[in-house]
Amino acid sequence: QVQLVESGGGLVQPGGSLRLSCAASGSAFRLAAMGWYRQAPGKQRELVARITSSGSTNYADSVKGRFTISRNNAWKTVYLQMNSLKPEDTAVYYCNLEGSSGNYWGQGTQVTVSS
């Protein structure tokens with residue numbers, strides 16, 4: 001059974017930084033692609049960044065150059081470093097694991113960018 005637990009969200013001023021973490025349980029992490037998604041009020045959930053088991057990454061155009069996704073397979077953890085945050089980055093951020101047995105989601109962590 002896969003469980004994902006996100007942490008690191010909070011309130012930050014525009015231009016600030018946050019690092020989100022997602023810790024996974026179970027044995028699926030090592031071979032799974034991991035993603036960070038976000039959902040703002042009244043909007044659909046969207047992909048922010050994704051990293052494959054081999055470390056290849058892709059990003060939404062809106063976060064390229066500001067966000068960095070990384071993973072530590074020994075700790076079964078994926079990170080999202082968010083720099084130069086903007087008010088439009090405000091959303092609930094969700095961790096996703098693409099496993100051979102299906103997709104799994106964390107409970108989400110709120111990120112609010114406001115002065």
Legend entry - Residues that are more than 21 Å from SER27 (Cβ to Cβ) and in contact with a helix residue (DSSP H, G or I) (Cβ under 8 Å, 6 or more places away or on another chain), drawn from segment 98-115: VAL111, VAL113, SER114
Inset, instruction - For residues that are open to solvent by less than 60 Å² (accessible area, probe 1.4 Å) and closer than 19 Å to THR109 by Cα, tally how many sit in segment 33-46. - result: 6
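Yes or no, residue by residue, for (1) out of contact with any Leu (no Cβ under 9 Å at 6 or more places or on another chain); (2) under 15 Å from LEU97 (Cα atoms); (3) assigned to a loop (DSSP other than H, G, I, E, B):
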{"site": "LEU11", "(1), (2), (3)": "yes, no, no"}
{"site": "SER21", "(1), (2), (3)": "no, yes, no"}
{"site": "TYR37", "(1), (2), (3)": "no, yes, no"}
{"site": "PRO41", "(1), (2), (3)": "yes, no, yes"}
Legend entry - Residues located in segment 77-97, provided they are over 13 Å from the mean Cα position of the chain (by Cα) and either in contact (Cβ under 8 Å) with a residue 60 or more places away in the chain or under 19 Å from SER25 (Cβ atoms) (or both): ASN83, SER84, LEU85, LYS86, PRO87
Legend entry - Set ARG71, ARG30, ARG50: member being over 14 Å from GLN110 (Cα atoms), open to solvent by 30 Å² or more (accessible area, probe 1.4 Å), in a helix (DSSP H, G or I) and of a type in the set (D, E, K, R): ARG30
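Specify the residue that is most open to solvent (accessible area, probe 1.4 Å); the eligible residues are those in segment 53-68 that are small (Gly, Ala, Ser) and more than 17 Å from SER84 (Cβ to Cβ).
Across segment 53-68, the extreme among qualifying residues is SER54.
For GLN39, state whether it is more than 17 Å from VAL5 (Cβ to Cβ), at pLDDT 95 or above and touching a Lys or Arg at 6+ places or on another chain (Cβ under 6 Å).
Yes.
The values are calculated or read from the model by the stated rules, or taken from the named source; none is laboratory data. No experiment lies behind these values; they were computed from the predicted model shown. Counting neighbours? That spans all protein chains shown, and the Cβs are built from the backbone with ideal geometry, glycine included. Remember, those area values only see protein heavy atoms, side chains included, never the ligands or the DNA or RNA. Shrake-Rupley method; radii C 1.70, N 1.55, O 1.52, S 1.80 Å.
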